[in-house]
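Visitor: Attaching a single structure in structure tokens format; questions to follow.
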Amino acid sequence: MWALKRYSEPSVEATAPRAPLGSPPEIMLEPLDAELRAWLAEEQLAVLENILSWHGYTTLKLLTDLSGEEVKELLNVLLPRAGICIVQALGTPQNLKGWQRTPAVAGDLVVEEFPITFEGYTYKYGRIAYIMGRRPSPVILVHHNFAGLKQFDVDQACFMARIGYVGVAVDLYQEKPNFTYHDRGASSGRLVDFESYCQEVRKDNLLNLPDGGNYPTEMLRAYFDGTPKKDGKVDYQAVRNFVGAFTEMNRLLRGLGSWRGLMQANLEQAFNHPAVKSGCAGAFGYCLGGQSCLEHVRAGHPVQAVCSLHGLLHSRPLTDEEPLNSHKRMSREEYAAKLAVPNSYNRNCKVLIENGDLDDEVPADTIVDFVQEMDAQEIDWRFDNHARGPHGFALGKGVPGCQYVEHIDRRSTITMLSLFAETWPDFEQHPVKCNASGTSFELPRPRPGGGRPRLAGALGFLAGAVLSITAIKLLRASL
């Protein structure tokens, strides 16, 4: 629910335990339990240990039992003492959290690691989610956006498991020292001035220059001046997230055969899982994930239905001249000559495109190209264009690339689920409170006696119609 980012090193005074006003100085602090200490270490928040102890928060269970508003109030009071800034972000909804008990029992949501070794590299952050005790069900691959696999995508795999399928959160990115798994989901953090910015970029070799960080100051000044600022400073974590993600995305786009092969490896491994009905598969994805879905189709992978959510309709990489500008892409002709591989379309796959009408990543000419491509293969496609919808409309708060629009996310998700229901009619879809964006799918409850006024209104309308007809007949008879 809350992402915590430290903007400056706290002072010794800030981290020292403080007793409430009027409290005797000899108060003994209760030590934090091991689980809470591990959580603080994982989140790099060990500085909070003494502060939490002073206020009586000593167990992870106590923290997780608080309501969202209580957590917000707690953090607003405690964190300024530790020099920590609060960045609001949606966490895993309660209904999408997997059970921690071992062994799991029937009805539990189970989330397992799903590592894939492909071409000598192990993609270790993939996850598979299913409901213990259900019969083998179709698998739905969840493809991440440009930022890479993160908790949001795992939560969406859990959403599909709750619905009635098996969800697989696919990991397509390789981890690097300057773009770790943590960086994928962290799009805000420490503010830096120009001098610190230069130091960090050179230390990380953020652009992966072959000379290992020989960055001219003039070049860094141009990048710094072109980056959004707060109080004259740049959010370096946002820069690290953006540059690292675009570098990995471009690597993927420039290796089409490997990209398709990695997705095929995910499918094959999923088909071997006991929770999956082998041969039954679908996919959906966001942004780059939408491109992944279409590459499933072009590669002839055994998927029966795919859905692109604000995804691009082609797979052309960014140019060498402007590798961080998503609006500057390789031309069709250059792509066909240098990077394209033969297609063997899956003509039996249903394709659903959920697009925002204001998405500048999907220009009109690419829509025309997509329609012609699908029609040439006689593929069953559908294109939904949502009024004033931006790129990123289905990504929840705090997810890199978020331009969340609740009603568009709801409509597009319902349409996607309808596609899956049509594709596998023998598999029941179960009601789920919300998806990973927090979009609610609960129908309004009818008011007590709510059906009676409608019935009375209908009977009244019918009676009125009968009386009108009778009156007309009587009028005609009198003429």
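Visitor: Of all residues being in contact with a helix residue (DSSP H, G or I) (Cβ under 8 Å, 6 or more places away or on another chain) and among the small types (Gly, Ala, Ser) in segment 193-239, which is farthest from ASN325 (Cα to Cα)? Just the residue, please.
Guide: Filtering segment 193-239 for residues that are in contact with a helix residue (DSSP H, G or I) (Cβ under 8 Å, 6 or more places away or on another chain) and among the small types (Gly, Ala, Ser), the one farthest from ASN325 (Cα to Cα) comes out as SER196.
Visitor: Hey, another quick one. Which condition number does ASP380 fail, the rest of (1) touching a strand residue (DSSP E or B) at 6+ places or on another chain (Cβ under 7 Å); (2) acidic (Asp, Glu); (3) crowded, with 18+ Cβ neighbours inside 10 Å being met?
Guide: Among (1) touching a strand residue (DSSP E or B) at 6+ places or on another chain (Cβ under 7 Å); (2) acidic (Asp, Glu); (3) crowded, with 18+ Cβ neighbours inside 10 Å, ASP380 violates only (3).
Visitor: Also: Which one is nearest to GLY279 (Cα to Cα) among residues in segment 397-427 that are of a type in the set (Gly, Ala, Ser) and part of a loop (DSSP other than H, G, I, E, B)?
Guide: GLY401
Visitor: Just need a number here: residues in segment 285-307 that are buried (at least 22 other Cβ atoms within 10 Å of the Cβ) and among the polar types (S, T, N, Q).
Guide: The qualifying residues number 2.
Visitor: Criterion first (aliphatic (A, V, I, L, M) and under 26 Å from GLY311 (Cα atoms)) does ALA104 satisfy it? I'd like the intermediate steps shown before the answer.
Guide: On the way: aliphatic (A, V, I, L, M): yes; under 26 Å from GLY311 (Cα atoms): no.
It is false that ALA104 is aliphatic (A, V, I, L, M) and under 26 Å from GLY311 (Cα atoms).
Visitor: Next up: Can you spot a residue in segment 188-204 that is of a type in the set (Ser, Thr, Tyr) and within 30 Å of VAL432 (Cβ to Cβ)?
Guide: Yes, because at least one residue in segment 188-204 is of a type in the set (Ser, Thr, Tyr) and within 30 Å of VAL432 (Cβ to Cβ).
Visitor: I'd like to know if segment 232-247 contains one or more residues that are surrounded by fewer than 18 Cβ atoms within 10 Å (Cβ to Cβ) and not assigned by TED's automatic domain parsing to the domain that holds ARG332.
Guide: yes
Visitor: Any chance you could count how many residues in segment 96-111 are surrounded by fewer than 14 Cβ atoms within 10 Å (Cβ to Cβ) and either at pLDDT 85 or above or not assigned by TED's automatic domain parsing to the domain that holds GLY167 (or both)?
Guide: The number of residues fulfilling the criteria is 3.
Visitor: Starting from residues that are in contact with a Lys or Arg (Cβ under 6 Å, 6 or more places away or on another chain) and outside any loop (DSSP other than H, G, I, E, B), keep the ones in segment 319-356 and report whichever is surrounded by the most Cβ atoms within 10 Å (Cβ to Cβ).
Guide: LEU352
Visitor: Right, something else. Quick one: GLY289 ticks every box in (1) of a type outside the set (Phe, Trp, Tyr); (2) without any contact (Cβ under 8 Å) to a residue 60 or more places away in the chain; (3) more than 20 Å from ALA421 (Cα to Cα) bar one, so which box is it?
Guide: For GLY289, the failing item is (2).
Visitor: Those residues that are farther than 21 Å from TYR165 by Cα, under 16 Å from the mean Cα position of the chain (by Cα) and assigned to a helix (DSSP H, G or I), I need them from segment 285-311; list them, please.
Guide: Selection gives LEU288, GLN291.
Visitor: Looking at TYR165, TYR123, can you tell me which residue is modelled with pLDDT of 95 or more, buried (at least 24 other Cβ atoms within 10 Å of the Cβ) and of a type in the set (Phe, Trp, Tyr)?
Guide: TYR165
Visitor: Continuing with this model, one more query. Of the residues ASP183, ASP225, ASP193, ASP204, only one is farther than 30 Å from CYS280 by Cα, touching a strand residue (DSSP E or B) at 6+ places or on another chain (Cβ under 7 Å) and among the charged types (D, E, K, R); which?
Guide: Details: ASP183 fails: touching a strand residue (DSSP E or B) at 6+ places or on another chain (Cβ under 7 Å); ASP225 fails: touching a strand residue (DSSP E or B) at 6+ places or on another chain (Cβ under 7 Å); ASP204 fails: touching a strand residue (DSSP E or B) at 6+ places or on another chain (Cβ under 7 Å).
Every option except ASP193 fails the conditions.
Visitor: Search segment 54-75 for residues that are farther than 15 Å from PRO31 by Cα and pair each with any residue that is at pLDDT below 70 when their beta-carbon atoms are under 6 Å apart and the residues are at least 6 apart or on different chains.
Guide: That search, which allows pairs on different chains as well, returns GLY68/MET1; LEU75/ILE86.
Visitor: Looking at segment 365-387, can you tell me whether even one residue there is within 30 Å of ALA222 (Cβ to Cβ), free of Cβ contacts under 8 Å to residues at least 40 places away in the same chain and assigned by TED's automatic domain parsing to the domain that holds ARG411?
Guide: Within segment 365-387, not a single residue is within 30 Å of ALA222 (Cβ to Cβ), free of Cβ contacts under 8 Å to residues at least 40 places away in the same chain and assigned by TED's automatic domain parsing to the domain that holds ARG411.
Visitor: Still on this structure, please answer the following. Given the conditions (1) buried (at least 24 other Cβ atoms within 10 Å of the Cβ); (2) assigned to a loop (DSSP other than H, G, I, E, B), and given that GLY282 satisfies all but one, which numbered condition is not satisfied?
Guide: Here GLY282 meets the rest and fails (2).
Visitor: All but one of (1) touching a helix residue (DSSP H, G or I) at 6+ places or on another chain (Cβ under 8 Å); (2) surrounded by 17 or more Cβ atoms within 10 Å (Cβ to Cβ); (3) not in a loop (DSSP other than H, G, I, E, B) hold for ALA394; state the number of the condition that does not hold.
Guide: (3)
Visitor: Among the residues of segment 209-224, write down those that are over 30 Å from the mean Cα position of the chain (by Cα), outside any loop (DSSP other than H, G, I, E, B) and either acidic (Asp, Glu) or within 19 Å of GLN237 (Cβ to Cβ) (or both).
Guide: Residues satisfying the conditions are GLU218, LEU220.
Visitor: Something else about it: So which residues in segment 337-364 are more than 27 Å from the chain's Cα centre (by Cα) and under 20 Å from PRO317 (Cα atoms)?
Guide: Those that are more than 27 Å from the chain's Cα centre (by Cα) and under 20 Å from PRO317 (Cα atoms): ALA337, LYS338, LEU339, ALA340, VAL341, PRO342, ASN343.
Visitor: Next question. Name the one entry in THR117, THR59, THR92 that is surrounded by fewer than 20 Cβ atoms within 10 Å (Cβ to Cβ) and at pLDDT 85 or above.
Guide: The unique qualifying residue is THR117.
Visitor: Can you name the residue in segment 176-206 that is assigned to a loop (DSSP other than H, G, I, E, B) and modelled with pLDDT under 90 and is also farthest from the chain's Cα centre (by Cα) among such residues?
Guide: Of all residues in segment 176-206, those assigned to a loop (DSSP other than H, G, I, E, B) come to 177-178, 180, 186-190, 193, 205-206.
From what's left, modelled with pLDDT under 90: 186-190.
Values: ALA186: 13, SER187: 13, SER188: 16, GLY189: 19, ARG190: 23 Å.
Checked segment 176-206; the qualifying residue farthest from the chain's Cα centre (by Cα) is ARG190.
Visitor: Return the residue satisfying two criteria in turn: it lies in segment 365-415 and is hydrophobic (A, V, I, L, M, F, W, C) and modelled with pLDDT under 95, and of such residues it is nearest to the chain's Cα centre (by Cα).
Guide: Initially, segment 365-415 is screened for residues hydrophobic (A, V, I, L, M, F, W, C), giving 367-368, 370-371, 374, 376, 379, 381, 383, 387, 393-395, 399, 402, 405, 408, 414.
When the remaining residues are screened for being modelled with pLDDT under 95, the result is 399, 402.
Numbers: VAL399: 6, CYS402: 9 Å.
Here the answer is VAL399.
The values are calculated or read from the model by the stated rules, or taken from the named source; none is laboratory data. A quick note: this is a predicted structure, and the numbers were derived from the prediction, not measured. Cβ atoms come from the backbone with ideal geometry, glycine included; neighbour counts cover every protein chain shown.
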